[in-house]
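Undergrad: Structure in structure tokens, see below.
The values are calculated or read from the model by the stated rules, or taken from the named source; none is laboratory data. Because the structure is predicted, anything quoted here is derived from the model rather than measured. Every residue, glycine as well, gets a Cβ built from its backbone with ideal geometry; the counts of neighbours run over all protein chains shown. The protein model used for the area step is the full one, side chains on, heavy atoms only, and it has no ligands, DNA or RNA in it. Shrake-Rupley method; radii C 1.70, N 1.55, O 1.52, S 1.80 Å.
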Number of protein chains: 2
Amino acid sequence: MGQLAIDYHGSGVFKPREYDPEAPSSGQVQIAVAYTGICGTDLTISHGGMDGRVKEPWPIGHEMSGTIDELGAGVEGWNVGDKVTVMPLDWDGTCSACLAGYNHICQNLNFVGIDSPGALQNRWNVKADWLVRLPEDLDLKTAALVEPVAVAQHDINRAAVEAGQKVVVIGGGPIGLLIAIIARNRGADVLLSEVAASRLELAAEFGVPAVNPASDDLGEVVLQRTDGAGADLAFEVSGSVPGVKAMTDVLRRRGTGVIVGIQPKAPPVDVFQIFWKELSIIGARVYERADFEEAVRLVADGTIPADALISDVMPLSETAAAVQRLDSGENVVKLLIDCQS
Amino acid sequence: MGQLAIDYHGSGVFKPREYDPEAPSSGQVQIAVAYTGICGTDLTISHGGMDGRVKEPWPIGHEMSGTIDELGAGVEGWNVGDKVTVMPLDWDGTCSACLAGYNHICQNLNFVGIDSPGALQNRWNVKADWLVRLPEDLDLKTAALVEPVAVAQHDINRAAVEAGQKVVVIGGGPIGLLIAIIARNRGADVLLSEVAASRLELAAEFGVPAVNPASDDLGEVVLQRTDGAGADLAFEVSGSVPGVKAMTDVLRRRGTGVIVGIQPKAPPVDVFQIFWKELSIIGARVYERADFEEAVRLVADGTIPADALISDVMPLSETAAAVQRLDSGENVVKLLIDCQS
């Protein structure tokens, strides 16, 4: 015994479990998990919204950093002590999406940390194929941000953001902020739309121009900033009905909207605008390997303001309390769980 | 006097008017209109749906063929007697869309035949810039189909249809049928979805495989035809809420949906599918010059089965009756108005 895991039992219940880790099987490594971030999907799970996918009590969590603790048979290119993160996608390699080169949206995807056990535990056995190398000198707290940065990087790549483009990001949670920061880093002219005062303050701290659409006319502001043309790109990250409406409203003719936020049911969409302005509305989900590797670079070179984004670190035993803090509306961006004790 | 025009007066009222044509001004030509087709937009106008755009009583109509009757000053490259059609788009050339190269979706577009006088008259003065040359040996009835073919050609080009692709066309009216025919001509594997028995018969006549989603499970049929992957492309041409739903349902991961049909208000859209399958949903409106010129070739070389698509030809004086026939649900595809007498 001696190792701790926090199992999710469904219906919002987390329970601690002590265990003796199994040795990694062939092709696996065992990771000593350092830090695991709690994300919006984890909150959805904790509300019971994905109980059909967490089929047995096991730890969730997929935003993590750690070091290799043990190598299974046949694992090459890795050593005990290597700093790693995990790209938590396990595809079948045989479905039509995989064969077409889109294995990240495999028709039978196992999202590790939801559909199979995740990182909210001291020791985690994973396929060596999922590992992504971290620089030796990268702080492991900072490194726990790689996964959400990879999400934002994928969104940016799907939209092919270029220098000089006028970009509107609708929704200033962690992913929205990261998209804004990465887009700005590419030389785009970014405007964030967000209603929460605390998130607007954070945007100001990062120097990202922001509008509160509850008090200002977002469409009018965008027109002013674009000489009446409208935005080249709009990222819908709010997952809200007004967000989808704002996306089609602010785009210029032939502009591109990116669906990042998860819409729980079919919202009304101004399809006429898609037609009239010949918009492109594209979906962006998870990440590809290149996004993940670029995310490591962005985290390591300081493009991502990790210290400002990590609001607090809490012990593994307090995972349920961390989830409650995020639910409470308290002014936190990213909470990390310390999985080292 | 001696020339006849049919003016649209708003509120569904068409009235004949005799007139002496003005001479074409500088840069214009006068066309002796041969045939003008009635399209879905003309029907929307006749239902009072666009009375705000037809600002004064004038003829509508923009699907036409004719011969040049008189040249205004400064017109070069054209001769009296040349067979022509008109690309009825008058852009300002100065707005951000025009400057970006998308003049067909100019922010201040004058759609000729709606926002300014159209072709339902014996003589029509138009800018020489709008003319598109027709082959000398092309029948002028057939040539009246060039404009709707250009619409379909633009949709096909926006979607970049390629040989071997699995294409679903949702809605089998004139534009849907034309998209199906042109896509098949490019080597795509086309399936039409349509509920009206008469249109299903027409599809069968053209050898286009079709499904009636009211009696068959369209999604299931598409999965069977695509080895479980879903369609590469789906064209939403029905302008209906179930059509938009079917579009996101039938597409494969990274598939492309094209919004062709006009949705009068914001319908529910399965935005989650756009995200989950990383779809691209793109709008396609009117046409560019290259689409129009390609449409002339497709009509001239017989790719478009003009005889089967043209259900009847009626005299100009019976324009209102033609509109009523199209409204009545009678089994007609395309009605042409003979504008020569």
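Undergrad: Only one residue in A:Asn103, A:Asn110, A:Asn79 is within 14 Å of chain B (Cβ to nearest Cβ) and at pLDDT 95 or above. Which one?
TA: Sole residue among the options that is within 14 Å of chain B (Cβ to nearest Cβ) and at pLDDT 95 or above: A:Asn103.
Undergrad: Still on this structure, please answer the following. Would you mind stating whether B:Arg254 is away from chain A (no Cβ under 11 Å), touching a residue at least 12 places away in the same chain (Cβ under 8 Å) and closer than 20 Å to A:Ser96 by Cα?
TA: When the stated conditions are applied, B:Arg254 does not pass them.
Undergrad: Then there is this: Is the range A:86-107 home to any residue that is within 23 Å of A:Thr303 (Cβ to Cβ) and small (Gly, Ala, Ser)?
TA: No; the residues of the range A:86-107 include none that is within 23 Å of A:Thr303 (Cβ to Cβ) and small (Gly, Ala, Ser).
Undergrad: Which one is surrounded by the fewest Cβ atoms within 10 Å (Cβ to Cβ), of the residues in the range A:60-98 that are within 25 Å of A:Arg17 (Cβ to Cβ) and among the hydroxyl-bearing types (Ser, Thr, Tyr)?
TA: A:Thr67
Undergrad: Hey, any hits in the range A:301-320 for a residue that's assigned to a helix (DSSP H, G or I) and within 14 Å of chain B (Cβ to nearest Cβ)? Give the steps one after another, and end with the answer.
TA: Keep residues of the range A:301-320 that are assigned to a helix (DSSP H, G or I), which gives A:306-309, A:316-320.
This time we only want the ones that are within 14 Å of chain B (Cβ to nearest Cβ), so: none.
No, because not a single residue in the range A:301-320 is assigned to a helix (DSSP H, G or I) and within 14 Å of chain B (Cβ to nearest Cβ).
Undergrad: Output the number of the condition that A:Asp115 fails; it satisfies all remaining conditions of (1) surrounded by 22 or more Cβ atoms within 10 Å (Cβ to Cβ); (2) closer than 17 Å to B:Trp276 by Cβ; (3) under 18 Å from the mean Cα position of the chain (by Cα).
TA: Single failed check for A:Asp115: (1).
Undergrad: B:Val84 - would you say it is assigned to a loop (DSSP other than H, G, I, E, B), over 16 Å from B:Gly12 (Cβ atoms) and of a type in the set (A, V, I, L, M)? Reasoning before the result, please.
TA: Values: assigned to a loop (DSSP other than H, G, I, E, B): no; over 16 Å from B:Gly12 (Cβ atoms): yes; of a type in the set (A, V, I, L, M): yes.
Taking the combined requirement at face value, the residue does not satisfy it.
Undergrad: Which of the numbered conditions does A:Pro213 fail, given that it passes all the others? Conditions: (1) more than 14 Å from chain B (Cβ to nearest Cβ); (2) part of a helix (DSSP H, G or I); (3) open to solvent by 10 Å² or more (accessible area, probe 1.4 Å).
TA: Only one criterion is unmet by A:Pro213, namely (2).
Undergrad: For A:Gln340, work out the one condition from (1) farther than 18 Å from A:Gly207 by Cα; (2) without any contact (Cβ under 8 Å) to a residue 40 or more places away in the chain it doesn't fulfil.
TA: Of the numbered conditions (1) farther than 18 Å from A:Gly207 by Cα; (2) without any contact (Cβ under 8 Å) to a residue 40 or more places away in the chain, the odd one out for A:Gln340 is (2).
Undergrad: Exactly one of (1) without any contact (Cβ under 8 Å) to a residue 40 or more places away in the chain; (2) closer than 27 Å to B:Gly48 by Cβ; (3) assigned to a helix (DSSP H, G or I) is unmet by B:Glu330. Its number?
TA: (3)
Undergrad: Whether any residue in the range B:129-149 is of a type in the set (Gly, Ala, Ser) and away from chain A (no Cβ under 14 Å) is what I want to check.
TA: Yes, there is a match, as at least one residue in the range B:129-149 is of a type in the set (Gly, Ala, Ser) and away from chain A (no Cβ under 14 Å).
Undergrad: Also, I was wondering about something else. Out of B:Pro88, B:Pro57, which single residue is within 24 Å of B:Val146 (Cα to Cα) and touching a residue at least 24 places away in the same chain (Cβ under 8 Å)?
TA: It is B:Pro88.
Undergrad: Does A:Leu233 count as within 11 Å of another protein chain (Cβ to nearest Cβ), modelled with pLDDT of 95 or more, within 28 Å of B:Cys98 (Cα to Cα) and surrounded by 24 or more Cβ atoms within 10 Å (Cβ to Cβ)?
TA: Working: within 11 Å of another protein chain (Cβ to nearest Cβ): no; modelled with pLDDT of 95 or more: yes; within 28 Å of B:Cys98 (Cα to Cα): yes; surrounded by 24 or more Cβ atoms within 10 Å (Cβ to Cβ): yes.
No, not satisfied.
Undergrad: Suppose we filter the range A:148-168 for residues that are within 10 Å of the chain's Cα centre (by Cα) and open to solvent by 10 Å² or more (accessible area, probe 1.4 Å); how many remain?
TA: Of the residues in the range A:148-168, 1 are within 10 Å of the chain's Cα centre (by Cα) and open to solvent by 10 Å² or more (accessible area, probe 1.4 Å).
Undergrad: Same structure, new question: Considering only residues that are under 24 Å from B:Asp90 (Cα atoms) and either part of a strand (DSSP E or B) or within 7 Å of chain A (Cβ to nearest Cβ) (or both), which ones fall in the range B:264-288?
TA: Answer for the range B:264-288, where residues must be under 24 Å from B:Asp90 (Cα atoms) and either part of a strand (DSSP E or B) or within 7 Å of chain A (Cβ to nearest Cβ) (or both): B:Ile282, B:Gly283, B:Ala284, B:Arg285.
Undergrad: Can you tell me which residue within the range A:113-128, out of those that are of a type outside the set (D, E, K, R) and part of a loop (DSSP other than H, G, I, E, B), is nearest to the other protein chains (Cβ to nearest Cβ)? I'd like the intermediate steps shown before the answer.
TA: If we filter the range A:113-128 for residues that are of a type outside the set (D, E, K, R), which is where we start, we get A:113-114, A:116-122, A:124-126, A:128.
From what is left, the residues that are part of a loop (DSSP other than H, G, I, E, B) are A:113-114, A:117-120, A:122.
Working: A:Gly113: 18, A:Ile114: 14, A:Pro117: 23, A:Gly118: 20, A:Ala119: 23, A:Leu120: 25, A:Asn122: 33 Å.
Only one residue tops the list, namely A:Ile114.
Undergrad: State all residues of the range B:99-110 that are open to solvent by 20 Å² or more (accessible area, probe 1.4 Å) and either more than 28 Å from A:Asp227 (Cα to Cα) or not in a loop (DSSP other than H, G, I, E, B) (or both); if no residue qualifies, say none.
TA: B:Leu99, B:Asn103, B:Asn110
Undergrad: Given the residues A:Arg325, A:Arg297, which is the only one that is more than 14 Å from chain B (Cβ to nearest Cβ) and within 22 Å of A:Gly207 (Cβ to Cβ)?
TA: It is A:Arg297.
Undergrad: Now a separate question. A:Thr248 versus (1) part of a helix (DSSP H, G or I); (2) within 13 Å of chain B (Cβ to nearest Cβ); (3) open to solvent by 30 Å² or more (accessible area, probe 1.4 Å): which is the lone unmet condition?
TA: With (1) part of a helix (DSSP H, G or I); (2) within 13 Å of chain B (Cβ to nearest Cβ); (3) open to solvent by 30 Å² or more (accessible area, probe 1.4 Å) applied to A:Thr248, the lone miss is (3).
Undergrad: Next question. Check B:Leu178, B:Leu192, B:Leu200, B:Leu223 and return the single one that is within 14 Å of chain A (Cβ to nearest Cβ), of a type outside the set (Gly, Ala, Ser) and either out of contact with any His (no Cβ under 6 Å at 6 or more places or on another chain) or part of a strand (DSSP E or B) (or both).
TA: Working: B:Leu178 fails: within 14 Å of chain A (Cβ to nearest Cβ); B:Leu192 fails: within 14 Å of chain A (Cβ to nearest Cβ); B:Leu200 fails: within 14 Å of chain A (Cβ to nearest Cβ).
Residue meeting the stated conditions: B:Leu223.
Undergrad: Another question, if that's okay. Pick from B:Ile38, B:Ile6, B:Ile45, B:Ile60: which is touching a Ser or Thr at 6+ places or on another chain (Cβ under 6 Å) and of a type in the set (A, V, I, L, M)?
TA: Exactly one residue qualifies, and that residue is B:Ile6.
Undergrad: Next question. Say whether the condition of being open to solvent by 30 Å² or more (accessible area, probe 1.4 Å), touching a Gly at 6+ places or on another chain (Cβ under 9 Å) and under 20 Å from A:Thr41 (Cα atoms) is met by at least one residue in the range A:172-190.
TA: yes
Undergrad: Name the one entry in B:Leu134, B:Leu120, B:Leu138 that is under 17 Å from the mean Cα position of the chain (by Cα), of a type in the set (A, V, I, L, M, F, W, C) and open to solvent by less than 40 Å² (accessible area, probe 1.4 Å).
TA: Checking each option against the conditions leaves just B:Leu120.
Undergrad: Within the range A:37-59, how many residues turn out to be under 14 Å from A:Ala322 (Cα atoms), small (Gly, Ala, Ser) and surrounded by fewer than 17 Cβ atoms within 10 Å (Cβ to Cβ)?
TA: Final tally of qualifying residues: 1.
Undergrad: Also, I was wondering about something else. Looking at B:Ala284, B:Ala290 in this structure, which one is within 19 Å of B:Ile182 (Cβ to Cβ) and surrounded by fewer than 16 Cβ atoms within 10 Å (Cβ to Cβ)?
TA: Within the list B:Ala284, B:Ala290, the selection yields B:Ala290.
Undergrad: Moving on. So, of the residues in the range B:268-294 that are among the acidic types (Asp, Glu) and under 15 Å from the mean Cα position of the chain (by Cα), which turns out to be nearest to A:Leu279 (Cα to Cα)? Spell out how you get there, then give the answer.
TA: The initial filter retains those residues of the range B:268-294 that are among the acidic types (Asp, Glu), namely B:270, B:278, B:288, B:291, B:293-294.
Filter again for under 15 Å from the mean Cα position of the chain (by Cα), leaving B:288, B:291, B:293-294.
Working: B:Glu288: 16, B:Asp291: 19, B:Glu293: 24, B:Glu294: 23 Å.
Out of the qualifying residues, it is B:Glu288.
Undergrad: What pairs come up if the first residue lies in the range A:295-319 and is within 20 Å of A:Ala183 (Cα to Cα) and open to solvent by 40 Å² or more (accessible area, probe 1.4 Å), the second is at pLDDT 95 or above and of a type outside the set (Lys, Arg), and their beta carbons are under 6 Å apart, counting only those six or more places apart or on different chains?
TA: These pairs meet every condition: A:Ala300/A:Pro135; A:Ala300/A:Leu138.
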